[in-house]
Amino acid sequence: MADLTAFQSWIAACSESITAHADDLTELDRAIGDADHGSNMRRGMTACAALAEQEDFSSIDAYLKKVGMTLVSTVGGASGPLYGTFFLRLAGPLAASEDVGAREFGQALRAGVEGIVARGKAEAGDKTMYDAFSPALDAFESTAGSGSELAEALRAAADAAAQGRDATEPMVARKGRASYLGERSAGHQDPGATSATLLIEAAAKTLS
Amino acid sequence: MISLVVVSHSRALARAAVALAAEMSPEDGPRLEVAAGLDEETTGTDAVAIAEALGRADDASEGAGVLVLVDLGSAVLSTEMALEMIDPEVAGRVRVSPAPLVEGLVAATVAAGTGADLATCALEARRGLDAKTSHLGDTPDPAEPVAGGGTGDATDDEEPGEWAGVEVSVTGEHGLHARPAARLVSTAAAASPGTRVRVRNVTTGTGPVDALSLSGVATLGARQGHVLGVEATGDRADEVLRQIEQLAATAFGDEPGPAQPLADDDAPAPSVSEEPGVAGSGLEAAMGPAVLDRTVPDPDDVVAGSEQEEQDRLDAAVADALDALEQLSARARRHLGDGQAEVFEAHAALLRDPELLGDVARRISAGQAAALAWQDAVQEVAGRFEALPDAYLQERAQDVRSIGERVMRVLLDVGEAEALGEGVLVVDELDPALAISLDAGAIRGVVTRQGGALGHGVLIARARGLPVLTGAGARADVAAGTLIAFDARAGRLEIDPAPEVQTAFSQMLERRAAERQQALADTHLPVVTRDGARVTVKANVSSVATARLGAGLGAEGSGLVRTEAVFAQWHRAPTVDQQVEVYSAIAQAFDPHAVTIRTWDVGGDKPLDFIPIEEETNPFLGVRGIRAFREDPSLLLDQLEALCRVARGQRLNVLFPMVTSLDDVDWARARLQEAARRVGLSAPPHQLGVGIMVEVPAVAVRLARLAHGLDVISIGSNDLSQYTLAAERGNPHVAAWSDGLDPAVLQLIRLICDRAPEGVVVSLCGELASDPDVAGLLVGLGVRELSAAPSAVPTIKARLRAGSLRGMQDLAASAVTARDAAAVRDLLALHA
């Protein structure tokens, strides 16, 4: 079960991980985009990690909503509204929770991932963050459905996300700036799927 | 009015796009909000900032709606997110446009500025790319209609058959006003009846209208920047569309290209025409019984005959009027050039308008008499023009009324205004049709109650040598037949003058006529005074036509070509090629004499659209003449390049205006050198003399130094007077101080002549030089070259020939020591 402090740890871990990988993300984005994903995400997640110190939050959902809005206003690129939507939607099913279990987080994760789909109108195989989120959600749900705890389900999700991320490499981008490259986008791992995987891996380490 | 929001990754980009769009919209145009960038430098979009911008835009639009233009990727996502964040009621009034940012924003801003609704603006934005697509020949999806949808009339469906379409842009300054519209109509008419053409205004969504209907085409409200969708069906559809495209490429024939200043190829100099009734007396004065323009009676009490009779009557009247217009057009072309002729061609096109004629026919078949039906239909069309938002198009209502009256005269059997009788014509305003058609053998002069000296009709009359006195007001309210005498030179008007006044007037007219006749007869002879001094009299020139007029009147070259006047009507700077064409034509007109071309003299009271000068508190002491090019000499360099090219084949001088210091002279010569290198010369051509205007007293004082090494200096007596006397010439309150005959000015002129270095020609080109009474005094002061208004050239030459240099020098010696300008005038009267 994860409480507000755990969620704040998750965001702090996201920030650390993104910061540590910021240059890698930017390099990936340089190959097929505009070379700003690392710096954009670092700026956004750093701002999110600072929230816990700046403000007292009364609930998990209030905190996650604030994280979402902060990403919306600080990331700048397309990941701003996408991740912003993810966290805002994630907050919805957790409105009444002080301690979140696998079942509730599963509902929240589904809402969050559906939010990304609604916002980005991406489909599987478009070479986007959805290609990491989608298998992660499936893995989470099937693991949690068989009675596993939150931590275990998240570990399964993180593994699936990483596989999904790796699978983006040969794909031809059909969304975002990378889509302008067409066939030339193949052969590069998608930066969005990479950052998404970092976020879920951070969750697996912090939410339990 | 709807508001617009620009969502972009870059704040700088959004602001620049907004600035670009704002140029296209009136001052009270739509609100343009920006939500772009995370801050000034960081690129990105922020849904929260967008939500706030949407809120502000919605407030400003007062419920009319908000259109959002977005750039790439996250701009779209963030906008959608912002829409979820705001009040759903507000979100319901917001539309996000898929249009390309810049094109869409400009199109939507223009549409919004016209008060178009959200749906229309959104459509305009989507079509923002159309103009570029069509321009680049990127054929759109053939399934897409050329200009479908929108708020246009749905007549598309009425016309089955194959319609081919093109889109053309309206580039002319005044949009598709009467003359360009008439050219479009004529082009379409040439393919009629086998081929039908219809036009719509894609930008505003109005139309389609029948391309044969001038009023229909004009009421499309096509302004500069609008896109027209032109469609044609029939055997010559492709051909006519191609012709219309070609027409559009020249702003429908309105583009101020080299054709315009050169339009009057026949060098019409109607004031000296030998054709009877063309040339006026040229005396600037006239006396005779008042002739009044006959008004057209109201047709209210006309009794209608049968429908057939009335229709026949109308057809005959229209045919008569068309004949008359054709004659007027031919006459105008012969005497005044193509530009004037087109006024009448536009009138004829209006008269052939099937929509107007159809309307009249309907009224006649409803039982109205032809005259009444005509009057009502014309009023309706005129009213439609007046309701248009564009002031220029509103004025076209006058054209409609003019043809309305023309036909009405025939219908009611009222004599043509042109055949009025003999005497002095009194009118409220002199319209161009009347001015060109007046029989100068019968009408000795014209007095207008209203209107200034620069009205179009007045200029035409002047060009014909018809004496005109303008703005006489209520004093000219006289009964027909009342004797009127006027002298435009003195601004004098006598109504029913006493016998002795009549006698004095007659004598004055005879004197002027004799002098003019003699002067004209001898005008091509050189001027040598009785004691053998040679004086050159040149003409001041402001167009190719005035150059030809001046040459025709005996001017030995031009001492001043006012280039800013030659291109005064241009809104874009002429290219080097265009300038070469015009300057060559002017030089050619005076061949073998040299012409002196002054570089752009802008600032002060002479604005040029393409050389903007910042507003100054004291423009006459500000950035004028050559000073205007110190920061950016590019337009001056273009002009000098053109002069270098012309000077390879023709004799030219270049004159730099408003020179004040030695540094000005050096700088100007350096630019000339630079221009010469541009045309591949190591130095300016030998045939290109270099000179400066002497209009600043500082130059007069240091002339020996400043004029060293020059070929010519030209005294600009107008400015020299106002700078010497510290009194602005245009200010009536200081008129007493600004007299160019002030002895101080005369002393300066003498000083200039004395100090000019050996070999430098001293010319004088101000107003003083155009006064025949003053010419001798100037020669006496030492000036050997005068450049005058073309019409004054013959008289000045005659006067100088009649005098002796010794006498002129005596006169000058007295004048420079006279008490004041009035005393100088007394001296002139004594010597006359």
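The values are calculated or read from the model by the stated rules, or taken from the named source; none is laboratory data. Since this is a predicted model, take the numbers as computed values, not measurements. Quick reminder, even Gly has a Cβ in these numbers, built from the backbone with ideal geometry, and neighbours come from all protein chains shown. Calculation scope for accessible area: heavy atoms of the full protein, side chains included, ligands and nucleic acids excluded. Shrake-Rupley method; radii C 1.70, N 1.55, O 1.52, S 1.80 Å.
Surface composition of segment B:641-727: carbon plus sulfur atoms hold 48% of the accessible area, using a 1.4 angstrom probe and ignoring ligands, DNA and RNA. Relative contact order of segment B:299-411: 33 percent, from C-alpha pairs under 8 Å at least 6 residues apart in sequence. Which shape class, rounded, prolate or oblate, goes with segment B:17-110 when its Cα gyration tensor gives a ≥ b ≥ c as root eigenvalues, a/c under 1.5 marks rounded, and past that a/b bigger than b/c marks prolate? Verdict is oblate for segment B:17-110. Across the protein assembly as shown, Cα-Cα pairs farther apart than 52 Å form 43% of the total.
Of all aspartates and glutamates in the structure, the ones whose alpha carbon falls short of 13 Å from that of residue B:797, not counting any fewer than 8 places away in one chain, are B:515, B:522, B:556, B:771, B:773, B:785. Accessible surface calculations at 1.4 Å, restricted to protein heavy atoms, place chain B at 42 Å² per residue. Across the options B:13, B:129, B:73, the greatest Cα extent toward the positive end of the charge dipole of segment B:3-133 (unit charges at beta carbon of Lys, Arg, Asp, Glu) belongs to B:129. What the pair-distance distribution of chain A shows, using all Cα-Cα distances binned every 5 Å from zero, is 1, 9, 16, 22, 22, 15, 9, 4, 1, 0 percent. For segment A:33-47, a reduction of at least 20 Å² in accessible area between the chain on its own and the assembled protein chains (probe 1.4 Å) is found at A:43. Sparse packing (at most 14 other Cβ atoms within 10 Å of the Cβ) combined with a DSSP loop state is found for the following trypsin sites (Lys or Arg not before Pro) in segment A:37-124: A:121. Is chain B best put as rounded, prolate or oblate by its Cα gyration tensor, with a ≥ b ≥ c the root eigenvalues, rounded for a/c under 1.5, and otherwise prolate when a/b is larger than b/c, oblate when not? Oblate is the answer for chain B, as a/c is 1.5 or above yet b/c matches or exceeds a/b. Relative contact order for chain B: 8 percent, from Cα pairs under 8 Å spaced at least 6 residues apart, divided by residue count. Using just its DSSP H runs of length 4 or more, each adding -39500 (n - 2.57), chain B gives a mean residue ellipticity at 222 nm of -13500 deg cm²/dmol after division by all residues. Taking each of A:65/A:127; A:66/A:127; A:66/A:205 in turn, the alpha-carbon distance tops 24 angstrom for A:65/A:127; A:66/A:127. Under the convention that each Lys and Arg Cβ holds +1 and each Asp and Glu Cβ holds -1, the size of the dipole of chain B around its Cα centre is about 4420 debye.
Can you find, among A:122, A:102, A:136, the residue farthest towards the positive end of the dipole of chain A? Put +1 on the C-beta of Lys and Arg, -1 on that of Asp and Glu. Working it through, the farthest residue towards the positive pole turns out to be A:122.
Surface composition of segment A:4-206: carbon and sulfur make up 49 percent of the accessible area, probe 1.4 Å. Taking every protein chain into account, the accessible area of segment A:4-206 amounts to 39 square angstrom per residue (probe 1.4 Å).
For segment B:3-133, a simple Cβ point-charge model (Lys and Arg +1, Asp and Glu -1, everything else neutral) yields a dipole of about 420 debye relative to the Cα centre. Rounded, prolate or oblate, given the Cα gyration tensor of segment B:463-594, with a/c below 1.5 counting as rounded? The shape class here is oblate.
Shown here for segment B:487-525: trypsin sites (Lys or Arg not before Pro) in loop regions (DSSP other than H, G, I, E, B) with at most 14 other Cβ atoms within 10 Å, namely B:489. Buried on complex formation within segment B:54-101 (loss of at least 50 square angstrom of accessible surface versus the isolated chain, 1.4 Å probe, ligands and nucleic acids ignored): B:72, B:77, B:81.
Interface of B with A. Using a 1.4 Å probe and counting protein heavy atoms only, the two chains hide about 1300 Å² of accessible surface, both sides summed. Rounded to the nearest 5, the antiparallel percentage of DSSP beta bridges internal to chain B is 35%.
What whole-number distance in Å separates the alpha-carbon centres of segment A:54-126 and segment B:657-682? Segment A:54-126 and segment B:657-682 have Cα centres separated by 70 Å. Placing +1 on the Cβ of every Lys and Arg and -1 on the Cβ of every Asp and Glu, with no other charges, gives the protein assembly as shown a dipole of roughly 4300 debye about its Cα centre. Think of chain B as a dipole: +1 on every Lys or Arg Cβ, -1 on every Asp or Glu Cβ, centred on the Cα centre; then among B:760, B:484, B:400, B:760 lies furthest on the positive end.
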